[in-house]
Every structure is written in structure tokens, then in C-alpha cells.
Amino acid sequence: MTTLEKLQILTDAAKYDVSCSSSGSERKAQKGGMGNAALPGICHSFTQDGRCISLLKILFTNQCIYDCAYCINRRSNDAVKRTAFTPEEVVDLVLQFYRRNYIEGLFLSSGIIRDVNYTMEQLIEVAKTLRERERFGGYIHIKGIPGSDPKLIERAGLYVDRMSINVELPTTRSLRLLAPDKKRIDMIEPMKLIREKKASYSADAGRFKHAPEFLPAGQTTQLIVGATDEADYSIIKLSEAFYGRMAMKRVYYSSYVPVGNFLAPIGAGGPMGMLREHRLYQADWLLRFYDFRADEILTPESPNLDMAIDPKTQWALRNRSFFPMEINRVSFKMLLRIPGIGNVTARRIMAARRFGPLDFDMLKKMGVVMKRAKYFILCKGKPYPGIVSFDAEHLRQRLIDAPKASQLSIFDLYSGGIQGGERNGLSL
Amino acid sequence: MDYLYDGTFEGALSGVYVMFYDRKPEEDQRLLEQQFYQADCLIPSKVVETDAVRAEKVARSIIKHFGVRGFRLVTTAYLAENKEYGTHLFRFLKHAYRIGEGAVDCLSDDAVLTLYKHYNSVTREVHRFLGFVRFSELENGVLYAQCEPTYNLLSLMVPHFTERLGNQTWVIHDTKRRMAAFFDQNTVEIKPLESVDGIRLSEWETSYRSLWQGYYDSAAIETRKSDKRQRQMMPKKYWKFLIENPQNQPNVYK
Ligand code: SF4
């Protein structure tokens with residue numbers, strides 16, 4: 001088999017993994033070596049479905065001894081051709097693509113061959129060769145294989161920028177059902193280990209000059225949504241716990257795409273699945289950048305996100321006693337709660353307010369989405385011209401924003417994180 | 001009064017120096033590029049000489065009052081190559097001196113916002129090009145990239161590639177402005193370069209190109225294709241020199 005054929009097969013097998021980001025690391029170029037990491041991440045191209053290509057995202061092999069029902073690489077699927085790279089082949093592709101500026105680095109995942117430790121060792125071999133022999137300083141993200149020896153996880157962490165151990169499904173029950181070979185504890189334990197190691201290595205880095213870096217871009221995880229029947233509430237509670245207790249950098253949600261003959265709940269994977277994924281990313285965004293708690297976004301009594309309205313507006317509609325807010329007075333934290341005002345705009349408002357009170361015109365120019373914000377704000381004590389107070393249902397009708405599910409992509413939310421200029425705002 | 005300068009950054013600073021010195025009312029003062037100027041018999045005009053000493057005085061004053069951030073704002077905005085840059089710069093400084101320290105954050109001010117918008121367009125495009133630039137390996141091992149950015153980005157792209165490809169020899173050629181950055185693993189030089197024909201690629205170049213094209217095609221999820229999203233993220237004007245072919249049209253750069 002030619003390298004091109006292998007590359008096609010092992011790219012095809014890896015493309016459903018949603019994470020691709022190359023952000024979070026500031027690795028410097030090694031002397032005489034090639035490559036560094038850019039903190040905000042860089043997109044080198046966009047696929048025909050509009051997703052950012054930043055890393056060479058491939059599987060080491062699509063052979064697998066496990067049989068996870070949601071995965072095309074599962075042992076029982078006869079429909080795919082199987083192949084494997086050698087570590088040298090991967091190293092050569094990375095270096096040659098990198099010098100031509102096709103990529104930021106490598107995202108290497110793998111099916112399980114022989115056993116978990118052997119598989120993990122293959123991934124480490126690639127990372128080690130790149131870093132030590134080739135002095136490669138570009139971004140490397142590898143998959144942590146659940147159940148592999150903690151020593152291997154630690155060793156890998158010293159070579160790569162980011163590691164992800166996928167939790168796969170929201171609950172232990174679902175995992176038992178769909179991925180009988182995997183155990184929840186085998187995922188949670190290495191996550192904890194990574195959190196602890198990262199803390200102790202960075203403490204060393206504070207004390208000693210040449211202390212080694214451990215996973216500068218931290219760890220992430222991914223879970224499949226819609227293959228099982230968990231409510232959104234339990235999903236975002238789980239994410240909140242990951243962000244808090246595991247110091248997770250990102251949780252990725254992947255709308256289930258049915259493969260083979262496994263029967264998922266009705267509607268899974270269709271356009272509604274994409275819309276749900278989109279709403280989950282919005283809720284996740286609120287957890288990470290807007291200082292929301294999961295219990296403010298959803299409750300056990302109403303455990304699912306409203307598909308017609310974004311979660312922040314849902315919150316505003318449920319908490320109308322906070323509104324309208326005076327733009328010239330409220331805190332940064334409260335500005336962030338106003339529909340139509342994002343992080344960058346809120347920062348701009350805070351900065352500009354120091355020079356005098358702002359009016360509606362200025363707000364528009366500074367990026368406030370007035371269409372949404374006008375129902376929730378005052379400027380110098382006055383409401384937006386023509387705005388009277390609406391009852392809840394009326395207001396809700398006006399704020400419906402169901403994007404066409406067919407046009408959705410998680411990168412609607414994602415792009416901000418990757419396109420440096422955007423989120424950094426006034427970073428002169 | 002219309003003041004006319006030679007279109008260089010130093011020229012703009014020299015112009016501003018003279019304008020502040022003349023103390024005319026702000027409203028009707030413009031600072032324009034001499035080569036595009038269309039005289040209007042109702043408006044008096046005056047040519048300002050580019051003067052390194054005066055330009056430096058203005059530059060120092062900007063740094064003193066508004067910090068390195070302030071200076072970066074005006075230099076980066078200059079690279080947007082907007083025809084009105086001189087006037088915008090003058091108005092910005094007029095307002096900024098009145099607002100005082102931290103004026104670059106006062107986006108509620110029109111003159112500040114205008115310059116900031118140009119700054120933003122340039123930095124955004126720089127960020128995009130750090131990803132979209134494609135090098136080809138030539139027969140002699142040199143990496144060569146062509147690009148035609150909307151704004152004058154070369155000087156802003158250079159530091160990124162100097163660190164990243166520090167052990168490589170490369171050339172980034174802005175064929176629209178006929179300028180190129182040359183890096184010999186040591187120092188960078190930006191100088192004029194006409195279009196180069198008869199480029200000879202290295203023996204392996206085409207194989208890696210087809211591997212990349214193969215990767216690119218396989219990475220798309222068929223059922224979710226969306227030309228609109230793709231073009232939003234990667235406008236067509238940037239496709240010309242991409243090795244991968246976003247929509248399988250004949251590639252101009254073979
Ligand atoms: S272990 Fe990974 S590659 Fe193997 S079947 Fe499960 S999800 Fe797929």
C-alpha cells in the first residue's frame with residue numbers, strides 16, 4: 001500500500017474526532033530545530049464542510065481489538081480497509097508538511113493494537129522521535145489510551161503539548177452498553193494523574209530554571225451526544241465537573257453519526273442532533289468564559305436546552321428581575337450576562353466607559369448586537385427608543401434564533417477560539 | 001487646508017508635525033498622498049517634505065503619551081494602505097492628545113475607532129496568512145512562498161516565520177507589491193523582487209503536494225459539505241496559492 005493510500009484511510013478514520021485546535025501552548029523553537037507553537041492556534045485551511053484544519057489529524061492505525069458500537073473502526077466492522085503507519089512514516093509526514101506551512105503539528109490517535117500499553121508506546125515513539133531526534137517544536141496532541149500504564153501517560157506528557165482521554169459517553173451505564181471493553185475508571189484515573197502531574201511539574205518550573213514542561217496545553221476530552229438518552233443537564237454537569245475538578249481545557253461534544261447496524265434513539269445524528277450539539281457548545285461557552293454555573297443554565301426539573309433560543313437568552317428570560325441593566329454602571333460580570341454582548345464587546349465597554357458615559361450609537365459601533373440587547377439595557381437611564389416592557393412570552397417570540405440546522409457546525413462557536421484576532425480584541 | 005505627503009509612514013508623521021505646528025482648525029484639514037491628489041481651486045494645499053528628524057519627534061511623542069500599544073496602532077493601521085490614512089492619523093492624534101493616556105481604549109471616539117478598525121483588519125489578515133502561506137521546496141532546498149495579501153503584511157509575517165522556520169532558508173514573495181522577505185537562517189531582508197519565472201521544484205515536491213491534497217480531500221465529512229461556511233472562513237481571494245484545492249478547480253500554482 002502506498003503512503004498516499006494509507007494517509008487517506010487513516011485520515012478518513014480520524015476525521016470524526018472533533019477536536020483539532022492547536023491553541024494553548026507557547027512552546028519555543030529549539031536551537032537548530034524547527035517549529036514552535038502559537039498560543040491562539042492557527043488554521044491552515046478549511047475543509048469543504050468548513051472546519052478548520054490546523055493539525056495533521058490521523059490515526060496511527062485503524063486496526064482495533066475493541067468493539068465500541070459507535071465507532072467505524074470497531075473489530076466487528078468488516079466494511080473498512082485496515083492499515084497502519086510506522087512511526088517513521090508519521091514523523092516524515094509531519095516534518096515535510098510542517099516546513100511547507102500546511103500544518104501546526106500533529107494530532108495522533110489510534111485504534112488498540114495488541115494491548116493498550118503497546119499502543120501507547122507507539123504513540124510515544126512518534127512524539128519522542130519528533131522532539132528528541134528531529135528537535136521538532138510544533139504542536140503535538142496525542143490520545144491517552146485508557147487503561148495504559150500511568151508511567152506511559154506521564155512519559156507522553158513530557159513530549160506533547162496536549163493529551164486527550166475521551167470519556168466517550170455521559171454515563172457509566174451507557175458506556176457499559178455501547179463500549180463493553182472500556183471502563184469508566186480507566187478514563188478518570190489518568191485524567192486525575194494528568195491533573196496532578198501538571199500541577200507538580202509547573203510548581204517545579206517555578207522553582208528550577210530548566211524544569212521540563214508537562215502538557216503545556218493541558219488535557220481535553222470528548223463525548224458522544226445523542227447515541228444514548230442522557231439529558232443536557234447531566235451532560236453540562238459532567239462538563240462543569242471536568243472543568244473544575246480535572247482542570248480540563250476543553251470538553252468536545254460530538255453529535256452521534258450512526259455507523260453500521262447499531263440502533264440509536266430516534267432522531268440521533270440528524271439535523272436536530274447538530275442543533276443540539278450547537279446548543280451544548282453555547283452552554284459550554286457560558287461555563288468557560290461567562291462565569292455561569294451549570295445549575296444556572298439548566299435544572300433537574302427542566303433538564304434540556306431550548307432549541308429555539310440560545311442558553312444565555314434563556315437565562316435572561318428566566319431572570320428578568322436583573323434587567324434592564326444600566327450599561328454605564330454594571331460590573332463586567334453583569335455585562336457578560338446581557339444577550340447581545342460578548343466577551344470582547346464587554347471588555348471594550350469597560351475600557352471606553354472610563355472616558356465618559358456611552359450612548360446607544362457608540363454601543364452599536366463597538367459591537368453590541370442591538371437586535372438582542374435592546375430589550376435588556378438602559379443607557380444613561382433611558383431605554384432603547386421604542387422599547388416598552390414586554391411580557392415574557394412576547395419577548396421570547398422576538399428573541400427566537402433558530403439557525404438552520406443544515407448550516408450548523410460546531411465551528412460557529414469554535415472559530416472565536418482559533419482566530420486569534422477576534423477574541424483577543426484590543427490586544428495592541 | 002490640504003497637506004500633501006509622499007505616501008510613506010515617515011512622510012505621514014512629518015505631515016502631522018507641520019499640521020500641529022500650523023494650528024489650523026481641525027475640521028477642514030486633510031493629509032493626503034501627493035500622487036493621488038486632485039487639486040481643488042477652493043482649497044489651498046501645501047506639500048510637506050519628509051523629514052526624518054520631525055518624523056522621529058512625532059513617533060517619540062506617540063510612544064511617550066500612548067505607549068508602545070499606541071505606536072503599534074498607528075504603524076499597523078498604516079499597513080492597511082488606506083488612501084485616507086494621513087487624515088485619519090492626524091484626527092486620531094488630535095483626539096488622542098485631548099483624551100490623554102489610554103486613548104487607544106476609547107473606542108467610543110470616532111477617530112480612535114477608525115484607526116482601530118484598520119488596525120484590526122490588518123492583524124486579522126496577518127493571522128490568516130500565517131496559516132494560508134504555502135512554501136514549495138525548490139531544487140536548491142530553498143522554501144519559496146508566493147502571496148498576494150490585501151494589506152501590506154510582509155513585515156508583520158516575518159517574525160513568526162523567523163522563529164518557526166529558523167533552521168530553514170526561505171523566501172516569502174508578495175507578488176502584488178513586488179516585495180519579498182529573504183531569510184538565510186540568520187537574518188531577514190525585505191527588498192524588491194519582480195515575479196520569478198522558471199522556478200525549478202525539488203524532486204520530492206510534487207509527491208508531498210499530492211499527499212497534502214489527498215489528506216485535504218479525505219478530511220472533509222461528505223454529508224456536511226457547506227461551500228458557504230468554507231468561504232466564510234477562507235474567502236476565495238486567498239485560494240490562489242493554496243496547494244490543496246478547495247473545490248478541485250485547476251490549480252494555478254503547479
Ligand atoms: S477503542 Fe477506539 S478505535 Fe477501537 S473501537 Fe473503540 S473507539 Fe473505536
Problem - Label-zone membership for the range A:131-155, site A:ASN117, 7 angstrom Cα→C-beta point, backbone N under 18 Å - result: A:144-155
Practice task
Determine the shape class of the protein assembly as shown: with a ≥ b ≥ c the square roots of the Cα gyration tensor eigenvalues, call it rounded for a/c under 1.5, and otherwise prolate if a/b is greater than b/c, oblate otherwise.
Solution key: oblate
Practice task
Once you have the Cα-Cα distance between B:GLU84 and B:ALA39, take 0.36 nm times their residue separation minus that, and quote the gain in nm to one decimal.
Solution key: 14.6 nm
Fill in the blank from the handout: GNM on chain A, Cα springs under 10 Å; top mean-square fluctuation among A:PHE323, A:PHE208, A:PHE107 goes to A:PHE208
Handout entry: chain B - mean residue ellipticity at 222 nm from DSSP helices (-39,500 (n - 2.57) per run, n ≥ 4, rounded to 500)
Key = -14500 deg cm²/dmol
Exercise for the section: Taking 7 Å along the Cα-to-C-beta vector as the label spot, tell me the B:THR223-A:TYR66 distance in nanometres, rounded to one decimal. Expected result: 2.2
Handout entry: Considering only chain A, percent of DSSP beta bridges that pair antiparallel, nearest 5
Key = 15
Handout entry: Residue-averaged beta-carbon neighbours from other chains (10 angstrom radius) around A:1-7
Key = 3
Fill in the blank from the handout: Among B:VAL68, B:LEU201, B:VAL16, the residue whose Cα sits farthest towards the positive end of the charge dipole of chain B, when +1 is placed on the Cβ of each Lys and Arg and -1 on the Cβ of each Asp and Glu, is B:VAL68
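Report the net charge of residues surrounding B:PHE135, where surrounding means a beta-carbon distance below 13 angstrom and charges are Lys +1, Arg +1, Asp -1, Glu -1.
Values: positive: A:ARG99, A:ARG100, B:ARG134, B:ARG164, B:ARG209; negative: B:GLU137, B:GLU205.
Residues close to B:PHE135 contribute a combined charge of +3.
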Fill in the blank from the handout: Computed, not fitted: 222 nm per-residue ellipticity of chain A from DSSP H runs ≥ 4 (each -39500 (n - 2.57)), nearest 500, equal to -11500 deg cm²/dmol
Practice task
Taking amide H positions as placed in the peptide plane 1.01 Å from N, state which residues far from B:SER136 in sequence (5 or more) or on other chains have amide H under 5 Å from it.
Solution key: B:TYR144, B:ALA145
Exercise for the section: Quantify how strongly other chains surround peptide B:103-112 by giving the mean number of their Cβ atoms within 10 Å of each of its Cβ atoms. Expected result: 6
Handout entry: Cα coordinate range in the range B:133-248, projected on the principal axes (Å, largest first)
Key = 47, 34, 28
Exercise for the section: Would you mind classifying the range A:3-222 by shape? Square roots of the alpha carbon gyration tensor eigenvalues, ordered a ≥ b ≥ c; an a/c under 1.5 is rounded, otherwise it is prolate if a/b is larger than b/c and oblate if not. Expected result: oblate
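Can you tell me the dipole magnitude for the range B:2-124 around its Cα centre, using point charges on the Cβ only (Lys, Arg +1; Asp, Glu -1), in Debye to the nearest 20?
Rounded to the nearest 20 debye, it is 420 debye.
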Practice task
Sketch the reach of a paramagnetic label on B:ARG23 as a point 7 Å from Cα along Cα-to-Cβ, and name the residues of the range B:47-67 whose backbone nitrogen lies under 20 Å away.
Solution key: B:58
Completion exercise
Scanning chain A, every Cys lacking a C-beta partner under 4.7 angstrom -> A:CYS20, A:CYS64, A:CYS379
Problem - Accessible surface of the protein assembly as shown [probe 1.4 Å, protein heavy atoms]: carbon and sulfur percent - result: 52
Handout entry: Nonlocal amide H pairs with A:ILE140, under 5 Å, H built at 1.01 Å
Key = A:LEU106, A:ASP161, A:ARG162
Problem - Residue-count net charge about A:SER110 - beta-carbon cut-off 13 Å; Lys, Arg +1, Asp, Glu -1 - result: 0
Fill in the blank from the handout: With a 28 Å threshold on alpha-carbon distance, the violating pairs from A:LYS249/A:LYS312; A:LYS237/A:LYS380; A:LYS198/A:LYS312 are A:LYS237/A:LYS380; A:LYS198/A:LYS312
Handout entry: Largest-first ordering by accessible area, 1.4 Å probe, given options A:LYS382, A:LYS182
Key = A:LYS382, A:LYS182
Practice task
Counting only C-alpha contacts under 8 Å and six or more residues apart, can you give the relative contact order of the range B:133-248 as a whole percent?
Solution key: 25
Practice task
Could you run the Karplus curve 6.51 cos²θ - 1.76 cosθ + 1.60 with θ = phi - 60° over the range A:108-123 and give me ³J(HN,Hα) per residue in whole Hz, x for Gly and Pro?
Solution key: 10, 10, 6, x, 8, 10, 6, 8, 4, 5, 4, 4, 4, 5, 4, 5
Practice task
Using a/c under 1.5 as the rounded threshold, could you call chain B rounded, prolate or oblate? The axes a ≥ b ≥ c are square roots of the C-alpha gyration tensor eigenvalues, and prolate needs a/b larger than b/c, oblate otherwise.
Solution key: prolate
Fill in the blank from the handout: Mean projected area, convex hull of alpha-carbon positions in the range A:100-220, reported to one decimal in nm², is 8.6
Handout entry: Backbone N under 12 Å from the B:MET1 label point (7 Å along Cα→Cβ), restricted to the range B:45-68
Key = B:45-48
Practice task
Set Lys and Arg Cβ to +1 and Asp and Glu Cβ to -1, take the dipole of chain A about its Cα centre, and tell me which of A:THR345, A:THR313, A:ASN328 lies farthest positive.
Solution key: A:ASN328
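Can you check what the net charge comes to around A:GLY138, using other residues whose Cβ is under 13 Å from the Cβ of A:GLY138 (Lys, Arg +1; Asp, Glu -1)? Let's see the in-between values first.
Values: positive: A:ARG27, A:LYS28, A:ARG99, A:ARG100, A:ARG131, A:ARG135, A:ARG162, B:ARG164; negative: A:GLU26, A:GLU104, A:GLU134, A:ASP161, B:GLU163.
So the surrounding residues net to +3.
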Completion exercise
Extension length gain for A:ARG176 and A:THR2 (0.36 nm per residue less Cα distance), in nm, is 58.8 nm
Exercise for the section: Quote the FRET efficiency, to the nearest 0.05, computed for A:ASP359 versus B:SER195 with a Förster distance R0 of 35 Å and r equal to the Cβ-Cβ distance. Expected result: 0.10
Exercise for the section: Please give the solvent-accessible surface of B:TRP204 in Å², to the nearest 10, using a probe radius of 1.4 Å with every protein chain present. Expected result: 150
Handout entry: Separation of the B:ARG98 and B:ARG60 label points, Cα + 7 Å toward Cβ, nm
Key = 2.7
Handout entry: Relative contact order for the range A:116-188, counting Cα pairs under 8 Å that sit 6 or more residues apart, in percent
Key = 31
Practice task
Estimate the FRET efficiency between A:ASP204 and A:ARG320 by the formula 1/(1 + (r/R0)^6), using the beta-carbon distance for r and 41 Å for R0, to the nearest 0.05.
Solution key: 0.25
Exercise for the section: Go through B:GLU203, B:GLU137 and list them by solvent-accessible area, largest first, probe radius 1.4 Å. Expected result: B:GLU203, B:GLU137
Fill in the blank from the handout: Of A:GLU296, A:GLU196, ordered by accessible area with the largest first and a 1.4 Å probe, the sequence is A:GLU196, A:GLU296
Practice task
Give the cross-link partners of B:LYS191 among the lysines, using a straight C-alpha distance below 19 Å as the criterion and excluding same-chain residues fewer than 8 apart.
Solution key: B:LYS176
Fill in the blank from the handout: Ranked output for segments B:125-135, A:110-120 by mean other Cβ atoms within 10 Å, highest leading, reads B:125-135, A:110-120
Problem - Ordering of A:248-256, A:235-243 by packing [mean C-beta count within 10 Å, highest first] - result: A:248-256, A:235-243
Exercise for the section: For the range B:132-145, just list the computed ³J(HN,Hα) in residue order, Karplus coefficients 6.51, -1.76 and 1.60, θ = phi - 60°, integers in Hz, with x standing in for Gly and Pro. Expected result: 8, 5, 10, 8, 10, 7, 8, 3, 8, x, 6, 8, 10, 10
Completion exercise
Label model pair A:ILE188, B:THR169: point-to-point distance (7 angstrom along the Cα→beta-carbon line) in nm is 5.9
Completion exercise
Per residue of A:49-57, other chain Cβ atoms within 10 Å number on average 5
Problem - Relative contact order of chain B, defined on C-alpha pairs under 8 angstrom at six or more residues apart (%) - result: 13
Fill in the blank from the handout: For A:ASP229, the accessible surface traced by a 1.4 Å probe with all protein chains present amounts, in square angstrom to the nearest 10, to 110
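The values are calculated or read from the model by the stated rules, or taken from the named source; none is laboratory data. What you are looking at is a predicted structure, and each value in this text was computed from that prediction instead of being measured. Note that we place each Cβ from the backbone using ideal geometry, even for glycine, and neighbour counts take in every protein chain shown. These area figures cover heavy atoms from the full protein model, side chains too; ligands, DNA and RNA do not enter into them. Shrake-Rupley method; radii C 1.70, N 1.55, O 1.52, S 1.80 Å.
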